[in-house]
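Every number in this text was worked out from the coordinates using simple rules, so none of it is lab data. None of these values were measured; they are calculated from a predicted model. Every residue, glycine among them, receives a Cβ derived from its backbone with ideal geometry; neighbour counts consider all protein chains shown.
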Amino acid sequence: MSMPPPGNPNDPPGGAVPPGYTPPPGFPPPGGDAPPPGDGPPGGGFTPPGAPGGMTPPGATPPGGGYTPPGGGFSAPPSAYGAPGGYSAPGGFGGTPGPLAEWQQRALGGLIDYVGPSVLLFVIFLVTRSIALYFLLWLASLAWGGYNAYLNGATGQSIGKKVVGLKVLGEQTGQVIGAGMGIVRWLIPAVIGFIPCIGFIFFIVDLLFPLWDAKKQTLHDKAVKSVVIVVPK
């Protein structure tokens, strides 16, 4: 006696498939065979579950472009030489727009402004032996010094400083110090110089002070807060 072939276990009882019958999920349709292993997931392919919250798994490349490093990209390390900005000329100090004058440059300007006329006055006196002429020339020399002091304050350049290429400016402002302060700057060593003993010592110290001063100032510069810089002739 022959046995009938076994039917599909998912077929409804009685072997007949009623119209509209749908097998349970994951089972083959009635009358068919289960797909062999490895033929792929039913229903159009398997989609792996995503990471919680839409996160990209570690090691995967995020969609939509290249990799962006954490923190918004790489920033170059700060420069060891400070932030970009204006460049101060070598030797310049504070707000001054140029390098500070050396002692030799200041001495040359002083020779033209003050020492030259004084030497000329002394030579004329030795030749003429005239007290009256000497007095007149002394007044002329005093007027010459006062005029140069006025120029130092009003324009920043006396006759000698203009020849050498120097300029007197305010230490804190970088501007000319004004005619009045120019006169005061000149009178300080002139008046103290008349004091016996002390005057001569002050004159020597004041004259040589720029040699060791950080701002290359004389004492009368410090009194009125001025500096002397180098400028184009």
Residues satisfying the stated conditions in the range 137-181, i.e. of a type in the set (S, T, N, Q) and touching a Leu at 6+ places or on another chain (Cβ under 9 Å): Ser141, Gln157, Ser158, Gln175
Which listed residue is more than 21 Å from Ile183 (Cα to Cα) and either part of a helix (DSSP H, G or I) or of a type in the set (Ser, Thr, Tyr) (or both), from Leu142, Leu151, Leu121, Leu108: Leu121
Top-ranked residue in the range 212-222 [being assigned to a helix (DSSP H, G or I) and farther than 17 Å from Val176 by Cβ; ranked as nearest to the chain's Cα centre (by Cα)]: Lys222
Residue within the range 194-211 that is outside any helix (DSSP H, G or I), free of Cβ contacts under 8 Å to residues at least 40 places away in the same chain and surrounded by 15 or more Cβ atoms within 10 Å (Cβ to Cβ) present: no
Hey, Lys162 surrounded by 16 or more Cβ atoms within 10 Å (Cβ to Cβ) and assigned to a helix (DSSP H, G or I) or not: yes
Test for Gln175: is it in contact with a strand residue (DSSP E or B) (Cβ under 8 Å, 6 or more places away or on another chain), part of a loop (DSSP other than H, G, I, E, B), on the phi < 0 side of the Ramachandran plot and surrounded by fewer than 17 Cβ atoms within 10 Å (Cβ to Cβ): yes
Filtered residue count, the range 212-233, keeping only those that are farther than 24 Å from Lys162 by Cβ and either touching a helix residue (DSSP H, G or I) at 6+ places or on another chain (Cβ under 8 Å) or surrounded by 15 or more Cβ atoms within 10 Å (Cβ to Cβ) (or both): 0
Checklist (1) touching a Phe, Trp or Tyr at 6+ places or on another chain (Cβ under 9 Å); (2) loosely packed, with under 15 Cβ neighbours inside 10 Å; (3) part of a helix (DSSP H, G or I) applied to Ile183, failing item: (2)
Count - residues of the range 140-163 that are free of Cβ contacts under 8 Å to residues at least 60 places away in the same chain and among the β-branched types (Val, Ile, Thr): 2
Flag for Val164 being in contact with a Ser or Thr (Cβ under 7 Å, 6 or more places away or on another chain) and of a type in the set (Val, Ile, Thr): no
